[in-house]
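What follows is a single structure, written as structure tokens, with notes after it.
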Amino acid sequence: MSSSFRRILRSPRREARSPEHAALFEEARGRHPALARHHTVLSVLGVLSGERRSAYAEKEALTRALVAEHQRGEGSFWASVLLVAYYPMLSRLRHRIYGDALCADDLDQLVLASFLSVVAEFPLDRFRDRTALRLRQQTERRVFAAVRAEQREQELVHRAEPEDLERGAERPWPETRPEPGGAPASPEEAADIVVFLVEHAGPVLDAESFELVTATLVCGRRIPRYLERAHPDLDPEERKRLYQRVKRRHSRLLRRLRPALAHLRCPRTEADGLCLFGGTSPTKESTK
Amino acid sequence: MMRAEDRRTALALAFRETAPSLIGLFQIYEVEPEVADAAAEVLGRLFRRHLDQPPERCGRERCRPMHALVDELDRVWEIIEAAKASGWKDPLDLILDEG
């Protein structure tokens, strides 16, 4: 069992047991007959944690009372009581989740946050029975939907080129040219581009980075193809690992390059790539 | 007349810009790795001969000769930058002044 999940619940447990909330509980007793029979919240928690089937009706009434009090929105005390009462269910749910879509701490938080949001929104007027069962089902649905969404997103991120991801959020410049194989048309153009890059990006790039951005920004090559040529002897597993590293480095490089080249941006279409594509001397443009 | 140390600095700057230029061209034309490695070897030897630099080994994993050469040139570049920071006039300016 995850010790971190248990640790997270230490604070709610302390809060639920704290005598300073006695007044809140006392007030709630006046509102709910199910609570009126109990002198302390510990007694309520004792019944809710019991295994007796005969106590089902009482448990149902207590759960509904706790949910109603939580929905009144008076502090975190009732949330803590509910978390402690439903800890066994939450813990089972937490430990049914496998995979690496989210780290352990995030999963702990996801389970707790999903449960509390379900409790906060639970329509007590609409559902008048099997409250505990509904709380469990709705929490499960939310948790698994969130995990699946995270998995889908990670899969997309994993497969996508970094520049495609960035393109989704903004229109960055410079970026990998959309058409692969777009090498310069003539030696003069190639020379223009290289001089441009050396002049403006050379001081901020090391040799490998310079080679990488030439491949992607100038020639429109995808990173896997670049790596195939640069490291033809790598086994597939090693190549995969290297690809992940290079992909991240490429994103960082673009972030570093953009401010260095921002003053040179010109109103061309993205298919033109860097400003000088088409034959204009970049050096002349940049010094205008 | 330019001083010998300024000439060395100017040469280092030129080499520092030549190496990435070649890297860029080799990448654009997808030159065979052997050609790129040989070019790095030639450039490195010339650089070391003109600047009296001892050869340096690249400590990184999967280090291509041209990348290693740029690292080597970068170290010279750093020395130049430090010299500039202490008030030394940029040797390229000296060349332009003379021209």
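Per-structure values
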item: Single unsatisfied condition, A:ALA113 versus (1) over 30 Å from A:ALA149 (Cα atoms); (2) free of Cβ contacts under 8 Å to residues at least 24 places away in the same chain; (3) among the aliphatic types (A, V, I, L, M); result: (1)
item: Output for the stretch A:44-76, where each listed residue is assigned to a loop (DSSP other than H, G, I, E, B) and within 15 Å of A:TYR86 (Cα to Cα); result: A:GLY50, A:GLU51
item: Considering residues of the stretch A:182-192 that are over 23 Å from B:ALA68 (Cα atoms) and assigned to a helix (DSSP H, G or I) only, the residue nearest to the other protein chains (Cβ to nearest Cβ); result: A:ALA190
item: Check on B:ARG48, over 25 Å from A:HIS200 (Cα atoms), at pLDDT below 90 and in a helix (DSSP H, G or I); result: yes
item: Count of residues meeting criterion [more than 10 Å from chain A (Cβ to nearest Cβ), under 21 Å from B:ARG75 (Cα atoms) and of a type in the set (Asp, Glu)] in the stretch B:15-43; result: 2
item: Hits in the stretch A:200-244 - residues which are within 20 Å of B:ARG75 (Cα to Cα), surrounded by fewer than 19 Cβ atoms within 10 Å (Cβ to Cβ) and at the interface with another protein chain (Cβ under 8 Å from one of its Cβ atoms); result: A:ASP206
item: Which numbered condition A:LEU124 misses (of (1) in a helix (DSSP H, G or I); (2) in contact (Cβ under 8 Å) with a residue 60 or more places away in the chain; (3) surrounded by fewer than 19 Cβ atoms within 10 Å (Cβ to Cβ); (4) over 25 Å from the mean Cα position of the chain (by Cα)); result: (1)
item: Residue within the stretch A:58-66 that is surrounded by 17 or more Cβ atoms within 10 Å (Cβ to Cβ) and of a type in the set (Ser, Thr, Tyr) present; result: yes
item: All positions within the stretch A:88-111 that are part of a loop (DSSP other than H, G, I, E, B) and within 14 Å of the chain's Cα centre (by Cα); result: A:ASP100, A:ALA101, A:LEU102, A:CYS103
item: Of residues in the stretch A:129-150 being more than 14 Å from A:ALA113 (Cβ to Cβ) and touching an Asp or Glu at 6+ places or on another chain (Cβ under 9 Å), the one modelled with the lowest pLDDT; result: A:ASP129
item: Residues being at pLDDT 80 or above and either at positive phi or not polar (S, T, N, Q) (or both) - total across the stretch A:73-107; result: 21
item: Among (1) of a type outside the set (Lys, Arg); (2) in contact (Cβ under 8 Å) with a residue 40 or more places away in the chain; (3) under 30 Å from A:ALA22 (Cα atoms), the one test that A:GLY99 misses; result: (3)
item: Scan of the stretch A:193-244 for residues that are part of a loop (DSSP other than H, G, I, E, B) and touching a residue at least 60 places away in the same chain (Cβ under 8 Å), ordered by number; result: A:ALA201, A:ARG222
item: Subset of the stretch B:1-28 [in a helix (DSSP H, G or I), modelled with pLDDT under 85 and more than 12 Å from B:VAL70 (Cα to Cα)]; result: B:ALA4, B:GLU5, B:ASP6, B:ARG7, B:ARG8, B:THR9, B:ALA10, B:LEU11
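The values are calculated or read from the model by the stated rules, or taken from the named source; none is laboratory data. All values reported here derive from a predicted model rather than from experimental measurement. Cβ atoms come from the backbone with ideal geometry, glycine included; neighbour counts cover every protein chain shown.
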